[in-house]
Amino acid sequence: MFETIEYQVENHVAWITLNRPDKLNAFTETMNREVTKALKLIRKDDDIRCVVITGSGRAFSAGEDLAGVNEETDHAEFLRKRYNPMIREMAALEKPIVAAVNGVAAGAGMSVALASDFRIASEKASFVEAFIHIGLVPDSGNLFYLPRLVGHAKAMELAVLGEKIKAAEAKEIGLVTAVYPEGSYHDEVKQFAERLASMPTKAVGLIKRYLYKSWDHDLNDMLEYEAYAQRTAGLTKDHKEGMTAFFAKRTPEYSGK
Ligand code: T3D
């Protein structure tokens, strides 16, 4: 079904593996289209309750494949057509997305990691805002997510200086949730993703939706959004299950419904 990505679903988790290892999983138009298509499939499938995006081989992704960029490139149209729909689809997906950053995440590869809801790094992972080294600016949501994740000063430093940071520093500045040694990395990511997939998916989706809203709404708006979200969550089977399990003193078994 796909040429440049691998797509698998296991235990309610969809795995998207960027799969051009000989090119450090650099993005091509086909890869943008295929990731976007996979995210759309995931959106429509109630059985999928978490997504992992990772890379094959030694890299997460080196960003855009520079072999396809030349002086004829209309950079704005290029982003509107290829990257922006993919990033919008990630933000709109009301299921948690985990970037399993197995190696270097550079340029738009880093943007994809930033646009994910969680980043779990291998100790071999690194992050580099490579754009500046070719006279470009961070794109694909990078300028939106980066300051929100690490603060304005650190975002400026990373984006302008373009220095590569290793997994341990990424953890220190709050860019990643956890760093694991290579030997246990895959199992740790799988366990984390399956934990997310066993949670009350509708409530998780509502949290994602309204955390995004909080970025450009005031307290009064948010109080009202919370009331609406809570009514929606309160009507789910998972809320009922959580309450029943609480009083029965047992572990809840959520269905995502
Ligand atoms: O319109 C627009 O263009 C806007 C869109 C922009 C989106 C973007 O993502 S712009 C930023 C694009 N990405 C980069 O500039 C990153 C370039 N790559 C690097 O900085 C480094 O390769 C890495 C930090 C990613 C990894 O370094 P390292 O030392 O581990 O590997 P390497 O030796 O540099 O690379 C290995 C090979 O992959 C090498 O090819 P070779 O010499 O073995 O034949 C290298 O040229 C190739 N490669 C790496 N990144 C890319 C790439 N080839 C094409 N496109 C790449 N992005």
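Among the listed residues Ser140, Ser122, Ser116, identify the single one that is more than 29 Å from Ser198 (Cβ to Cβ), open to solvent by less than 10 Å² (accessible area, probe 1.4 Å) and touching a residue at least 24 places away in the same chain (Cβ under 8 Å).
On the way: Ser122 fails: more than 29 Å from Ser198 (Cβ to Cβ); Ser116 fails: more than 29 Å from Ser198 (Cβ to Cβ).
Going through Ser140, Ser122, Ser116 in turn, just one is more than 29 Å from Ser198 (Cβ to Cβ), open to solvent by less than 10 Å² (accessible area, probe 1.4 Å) and touching a residue at least 24 places away in the same chain (Cβ under 8 Å): Ser140.
Looking at this structure, is Ala197 of a type in the set (A, V, I, L, M) and away from the ligand (no atom under 16 Å from the Cβ)?
Taking the combined requirement at face value, the residue satisfies it.
So that you can scan it fast, the table gives a plain yes or no per residue for (1) part of a strand (DSSP E or B); (2) more than 16 Å from the ligand (Cβ to nearest atom); (3) within 26 Å of Ser255 (Cα to Cα); (4) not small (Gly, Ala, Ser):
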| position | (1), (2), (3), (4) |
| --- | --- |
| Glu34 | no, yes, no, yes |
| Lys37 | no, yes, yes, yes |
| Leu41 | no, yes, yes, yes |
| Val52 | yes, yes, yes, yes |
| Leu79 | no, no, no, yes |
| Arg82 | no, no, no, yes |
| Glu89 | no, yes, yes, yes |
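Taking strands (runs of 3 or more DSSP E) that do not extend beyond the stretch 116-183, which have at least 3 residues that are within 24 Å of Ala92 (Cβ to Cβ) and at pLDDT 95 or above?
Of the strands (runs of 3 or more DSSP E) lying wholly inside the stretch 116-183, those with at least 3 residues that are within 24 Å of Ala92 (Cβ to Cβ) and at pLDDT 95 or above span 118-122.
Please specify each residue of the stretch 181-210 satisfying the condition of being more than 22 Å from Lys44 (Cα to Cα) and open to solvent by 70 Å² or more (accessible area, probe 1.4 Å).
Glu182, Gly183, His186, Asp187, Gln191
Could you list, in sequence order, the residues of the stretch 149-167 that are surrounded by 14 or more Cβ atoms within 10 Å (Cβ to Cβ) and either more than 15 Å from the ligand (Cβ to nearest atom) or not assigned by TED's automatic domain parsing to the domain that holds Met86 (or both)?
Leu149, Val150, Lys154, Ala155, Glu157
Test of understanding: among Leu18, Leu66, Leu24, which residue is in the same structural domain as Phe131 (by TED's automatic domain parsing), farther than 19 Å from Ser122 by Cβ and modelled with pLDDT of 95 or more? Before you say what the answer is, go through the steps one by one.
Details: Leu18 fails: farther than 19 Å from Ser122 by Cβ; Leu24 fails: farther than 19 Å from Ser122 by Cβ.
Every option except Leu66 fails the conditions.
Is it true that some residue in the stretch 54-61 is touching a residue at least 60 places away in the same chain (Cβ under 8 Å), of a type in the set (Gly, Ala, Ser) and within 22 Å of Glu6 (Cα to Cα)?
Within the stretch 54-61, none of the residues are touching a residue at least 60 places away in the same chain (Cβ under 8 Å), of a type in the set (Gly, Ala, Ser) and within 22 Å of Glu6 (Cα to Cα).
Report every pair of residues separated by at least 6 positions or lying on different chains whose Cβ atoms are under 9 Å apart, first residue within the stretch 169-190 and under 18 Å from Cys50 (Cα atoms), second part of a helix (DSSP H, G or I).
Matching pairs, first to second residue: Val176/Ala113; Val176/Ala167; Val176/Ala170; Thr177/Lys171; Thr177/Phe192; Ala178/Lys171; Ala178/Glu188; Ala178/Phe192.
Out of (1) open to solvent by less than 30 Å² (accessible area, probe 1.4 Å); (2) more than 10 Å from the ligand (Cβ to nearest atom), what's the single condition that is false for Glu94?
Status for Glu94: all satisfied but (1).
Looking only at the stretch 189-219, count every residue that is farther than 18 Å from Ala91 by Cα and either modelled with pLDDT under 95 or polar (S, T, N, Q) (or both) and tell me the total.
2
The values are calculated or read from the model by the stated rules, or taken from the named source; none is laboratory data. Quick caveat: nothing in here was measured; it's all calculated off a predicted structure. Positions of Cβ are generated from backbone atoms using ideal geometry, with glycine treated the same way; all protein chains shown enter the neighbour counts. What goes into the accessible areas is simple: the full protein's heavy atoms, side chains included, and nothing from ligands, DNA or RNA. Shrake-Rupley method; radii C 1.70, N 1.55, O 1.52, S 1.80 Å.
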